[in-house]
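**Q** The following block contains the structure, expressed as structure tokens.
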Amino acid sequence: MATKLPSDLSLTPLGAEARDLSAWLTTFHLASVVLDPYTNESSWVLKTAVRILDEMRGSHARVNFIVTADEADTRRFLGPLADRFLVFCDPERTAVKAIGLERLPAFVFIRVDAEVVAKAEGWDPTSWRDVAHAIAETTRWRAPLIPGAGDPSPFSGSPAVG
């Protein structure tokens, strides 16, 4: 299932200029939760995503959100979380398409060699747990408990490309 991402794929962090993916992968892998702020499904999993990323924060993966919106809508959707996490804006869904996502929300593990080695689409706790275990195994970290108390029931998510 591994997908090699294009070297010219750029990611735009909140409040900064876009940089090529390789610049974000020089030292750390990426553990990304991809959200669409214009759908209910992404809001349903936000609290769970924060818990998972917080527990993965000490691993050798740069935990982050990729939000399919411009900076203003991303900040509105995430609120104070925008200051707690690395957040990329993907309003044209360029990263979403490159990763090959069909449903959002999603949880994606991108290794330092730009390979997408694990991804989960929609909220399927078993699939999200598999991604967390792939991250934990690669980084020699511990995977969070998924599902956890208060997590939503599984759902398929919304279309990733609009």
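**Q** Within the range 138-147, is even one residue surrounded by fewer than 18 Cβ atoms within 10 Å (Cβ to Cβ), of a type in the set (D, E, K, R), over 19 Å from Ala18 (Cα atoms) and modelled with pLDDT of 95 or more?
**A** Within the range 138-147, one or more residues are surrounded by fewer than 18 Cβ atoms within 10 Å (Cβ to Cβ), of a type in the set (D, E, K, R), over 19 Å from Ala18 (Cα atoms) and modelled with pLDDT of 95 or more.
**Q** Among (1) surrounded by fewer than 22 Cβ atoms within 10 Å (Cβ to Cβ); (2) within 16 Å of the chain's Cα centre (by Cα), which single condition is Pro152 missing?
**A** Pro152 satisfies all of (1) surrounded by fewer than 22 Cβ atoms within 10 Å (Cβ to Cβ); (2) within 16 Å of the chain's Cα centre (by Cα) except (2).
**Q** While we're looking at this one, here's another question. Restricting the range 83-130 to residues that are free of Cβ contacts under 8 Å to residues at least 40 places away in the same chain, assigned to a helix (DSSP H, G or I) and not polar (S, T, N, Q), which is surrounded by the fewest Cβ atoms within 10 Å (Cβ to Cβ)?
**A** Asp83
**Q** Being in a strand (DSSP E or B) and touching a residue at least 40 places away in the same chain (Cβ under 8 Å) is the filter here, so list the residues in the range 60-82 that pass it.
**A** Those that are in a strand (DSSP E or B) and touching a residue at least 40 places away in the same chain (Cβ under 8 Å): Ala61, Ile66.
**Q** How many of the residues in the range 13-42 are in a strand (DSSP E or B), within 25 Å of Arg76 (Cα to Cα) and either of a type outside the set (Val, Ile, Thr) or without any contact (Cβ under 8 Å) to a residue 60 or more places away in the chain (or both)?
**A** So in the range 13-42, the residues in a strand (DSSP E or B) come out as 13, 19-20, 29-35.
Now restrict to residues that are within 25 Å of Arg76 (Cα to Cα): 13, 19, 30-35.
Those left that are additionally either of a type outside the set (Val, Ile, Thr) or without any contact (Cβ under 8 Å) to a residue 60 or more places away in the chain (or both): 13, 19, 30-32, 35.
So the count comes out to 6.
**Q** Condition first: within 19 Å of Arg19 (Cβ to Cβ), within 11 Å of the chain's Cα centre (by Cα) and not hydrophobic (A, V, I, L, M, F, W, C). Can you find one or more residues in the range 57-64 that meet it?
**A** The first filter runs over the range 57-64 and keeps only residues within 19 Å of Arg19 (Cβ to Cβ), leaving 61-64.
Still in the list and also within 11 Å of the chain's Cα centre (by Cα): 62-64.
Filter once more, so that each one left must be not hydrophobic (A, V, I, L, M, F, W, C): 62, 64.
Among the residues of the range 57-64, at least one is within 19 Å of Arg19 (Cβ to Cβ), within 11 Å of the chain's Cα centre (by Cα) and not hydrophobic (A, V, I, L, M, F, W, C), which makes the answer yes.
**Q** While we're looking at this one, here's another question. Might you let me know whether the range 1-8 holds any residue that is under 19 Å from Ile110 (Cβ atoms) and buried (at least 18 other Cβ atoms within 10 Å of the Cβ)? Step through it out loud before you land on a result.
**A** Let us first name the residues in the range 1-8 that are under 19 Å from Ile110 (Cβ atoms), namely 1-8.
Subset that is buried (at least 18 other Cβ atoms within 10 Å of the Cβ): 5.
Yes: one or more hits.
The values are calculated or read from the model by the stated rules, or taken from the named source; none is laboratory data. As the structure is a prediction and not an experimental result, all values here were calculated from the model. Cβ: placed from backbone, ideal geometry, glycine included. Neighbour counts: every protein chain shown.
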